[in-house]
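Data block below; observations after.
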Amino acid sequence: MYNYTAGATGLDAAMPPWVQDGGLDEWCKRLADPAIRARVAEEMRTPTDAWENLLLSAGSPERVLLNEFKTDALKPLTGMTLAEVARQRGKSVEETAMDLVVEDHTRVGAIYFLMSEDNVRRQIRLPWVSFCSDAGAPAPEGVFLKSHPHPRAYGSFARLLGRYTRDEKLIPLEESVRRLTSLPAENLRLRERGRLAEGYFGDVVVFDPARIADTATFEQPHQLAVGVQHVFVNGEQVLDDGEPTAARPGRVVRGPGWTGWNAQR
C-alpha cells in the first residue's frame, strides 16, 4: 500500500469502459458524438456495479484534483479540482471531463481522494502489508517541475517512518523497516536483497529516526523528504550526508523468472 488518502490515475477512471474501447483515438472519436456524450454523462453520474467509477467514489468533483496535462494550453489547470474547472468553463462536471480528454488527447492525470485516514492506519497495522510509492522518482528541478505528481512520489517511505511510526506509534520502528525491506523482497522473491546479511548486495539506508519525515503535499508535491543521511547501492555510496555523490551503481533487479542465477554476477 501507499499511506495516503488519495489515489492517482486519470479521468478514464470516471468514464465507462465501453467508451474507451479500442484506445485513446477511438475514445476521443466517440466523445465527438453528442448522443454518445449524453450517454456517457448519464453513466458517469449513475451508481453501478458494472464498473468502478472513481468520480462517484470520491463523493464530489471537489475531491478530484487534476494533476497532469500534455497540452501547454491546459497546463494552467494543473492543481485545480475538476469542480473548479467545470465552474470556470460554465459546464457540467461530466461535460468538462470529456472536453479535457479530447482537448489534451490524453486520459488527463487526476488524483482522487477516496480513502479514510482510519483505514490507512488500520492497514498499516496489518503485519503482512508492505509499502510502495506507486510512482516514479522525479527530481524537484527542471522539466519535472512542469508536472504535478502525487506526493507519494517523494514521501511515501519517509511518511511511514516519521508520521505513522515515530509520531503516531502505530507500529515499532523495526517492524516498519522489515515492511520496507525484507518483506517485499521475500514476497517478490528477490534473491540476496532486503537484508543486511553476508553474501547479500550492499543496499543500505542510514536515516535519523528523530528527523525522518515527508514534506511533499498535494498542493506542493515537489518537496524532498528529510532525515535520510546516507544511502549505499550495491555497496557503493550514492548519498553522502544528504547529498548525491553522482555514483550510479544500480543494476537490474532479477525476479524469480530469471534463469541466470548460476552465471557469474
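Given H placed 1.01 Å from N in the peptide plane, which residues other than close sequence neighbours of L239 have an amide H under 5 Å from its amide H?
The answer is V231, T245.
Given Cα pairs under 8 Å that are at least 6 residues apart, what percent is the relative contact order of the chain? Walk me through the numbers on the way to the answer.
On the way: 423 pairs, mean separation 44.1, N = 265.
Reported relative contact order: 17 percent.
Once Cα extents along the principal axes in Å is worked out from the coordinates, which option in (i) 66, 44, 39; (ii) 49, 41, 37; (iii) 58, 44, 33 does it equal?
After the calculation, the listed value that fits is (i).
By how many nm would the segment from V129 to A35 lengthen if fully extended, with 0.36 nm per residue of separation less the alpha-carbon distance? Can you show the working numbers first?
Numbers: separation 94, 0.36 × 94 = 33.84 nm, distance 4.55 nm.
That pair, V129 and A35, stretches by 29.3 nm at full extension.
Run down the aspartates and glutamates and flag those whose C-alpha is under 19 Å from the C-alpha of K91, throwing out any fewer than 8 positions away in its chain.
Of all the aspartates and glutamates, those that pass the test against K91 - Cα under 19 Å, at least 8 places apart if same chain - are D12, D33, E42, E43, E62, D99, E103, D104.
Explain nothing, just compute: Karplus ³J(HN,Hα) = 6.51 cos²θ - 1.76 cosθ + 1.60, θ = phi - 60°, for every residue of segment 127-139 in order, whole Hz, x for Gly and Pro.
The phi angles translate into x, 9, 8, 9, 10, 9, 9, 6, 7, x, 10, x, 10 Hz.
Test of understanding: ordering R87, R159, R179, R248 by Cβ neighbours within 10 Å, fewest first, what list do you get? Walk me through the numbers before you get to the answer.
On the way: R87 14, R159 24, R179 21, R248 10.
Least to most surrounded, the residues fall as R248, R87, R179, R159.
Short version: ³J(HN,Hα) in whole Hz for each residue of segment 45-62, in order, from phi by Karplus 6.51 cos²θ - 1.76 cosθ + 1.60 (θ = phi - 60°), x for Gly and Pro, what are they?
Values, residue by residue: 9, 10, x, 7, 9, 6, 7, 8, 9, 6, 4, 6, 4, 5, x, 6, x, 5 Hz.
Can you give the helix-only mean residue ellipticity at 222 nm for the chain, where every DSSP H stretch with n ≥ 4 adds -39500 (n - 2.57) and the sum goes over all residues, rounded to the nearest 500 deg cm²/dmol? Please report the intermediate quantities before stating the final value.
Numbers: 10 runs with 77 residues, N = 265.
Rounded to the nearest 500, the figure is -7500 deg cm²/dmol.
Compare V226, V108, V129 in a GNM of the chain, Cα atoms joined below 10 Å, and give the one with the largest fluctuation.
Of the options given, V129 has the highest mean-square fluctuation.
GNM on the chain, C-alpha springs below 10 Å: top fluctuator among L65, L56, L190?
The residue with the greatest mean-square fluctuation here is L190.
Check L66: other-chain or 5+ apart residues with amide H under 5 Å from its amide H, H built from backbone geometry?
G79, M80, T81, L82, I111
If R0 is 45 Å, what FRET efficiency do you get for K91 and L190 from their C-beta distance, rounded to 0.05?
So, using R0 = 45 Å, E works out to roughly 0.40.
So, in Å, what gap is there between the alpha-carbon centers of segment 161-196 and segment 64-97?
If you average the Cα positions of each part, the centres end up 38 Å apart.
Between A97, A139, A50, where does the largest GNM mean-square fluctuation fall for the chain, given springs only between Cα atoms within less than 10 Å?
A50
Per 0.36 nm of contour for each residue apart, how much would the distance between A139 and E26 grow if the chain were fully extended, relative to their Cα-Cα spacing?
Numbers: separation 113, 0.36 × 113 = 40.68 nm, distance 3.43 nm.
In short, 37.2 nm is gained.
Which order do L55, L82 fall in if you start with the one that has the fewest other Cβ atoms within 10 Å?
Values: L55 22, L82 27.
Least to most surrounded, the residues fall as L55, L82.
Please rank I124, I171, fewest neighbouring Cβ atoms within 10 Å first, as an exposure proxy.
Final ranking by Cβ density, sparse to dense: I171, I124.
Just so you know, all these numbers are worked out from the coordinates, no wet-lab data involved. This structure is a prediction, so every number in the text was calculated from the model and none was measured. FYI the Cβ positions are ideal-geometry reconstructions off the backbone, even for glycines, and counts take in every protein chain you see.
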